[in-house]
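Here, each number is a calculation from the coordinates, and none is a lab measurement. Everything numeric here is computed off the predicted structure, so don't read it as measured data. Don't worry about glycine lacking a Cβ; one is built from the backbone with ideal geometry, like all the others, and counts go over all protein chains shown.
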Amino acid sequence: MRALALQLHISRAATYTRVQRLEAAGVITGYAATIDPERYGHGVSAYVYLKIAQRTWKPLRDRLMQIGQVEHAALVSGGTDIVLLVRARDVRALRDLVLERLHTMPEVISTESVMIFDEAVGVPQSTPES
């Protein structure tokens, strides 16, 4: 709470009260550890774009999230249907994931993979009403 209070420029008591209110309102839904993918053994990261058959997102979503290398999946608008953030040990493991796991799913029509060279992670900014 102290670090958060310093970042928000408010007292620890006010920070604690705000966090409790956000938890009670369901805005804060949980806490998680942030890992370094490379130190964890995932040296390759990529976005994988999937085109899928219509009306298959809901049954496909749970299966995608059970794949250990899939960190995030989102149903999106535009030319593709799903964007996956994947982390793999190396390029061979990424290739196997795309060709052996994703391409063999009957709902998946096509894929496109984009390698991530570097990442920057932002921190949500506080709003006056929070």
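Miscellaneous remarks
- Percent RCO, i.e. relative contact order, over the chain, from Cα pairs under 8 Å lying at least 6 residues apart: 28 percent
- Relative counts (whole %) of C-alpha pair distances in the chain, using bins that are 10 Å wide: 10, 33, 24, 22, 10, 1
- Counted by neighbouring Cβ atoms within 10 Å, the residues S113, S11, S77 run from fewest to most as S77, S11, S113.
- Convex hull of Cα atoms in region 44-116, direction-averaged projection (nm²): 4.3 nm²
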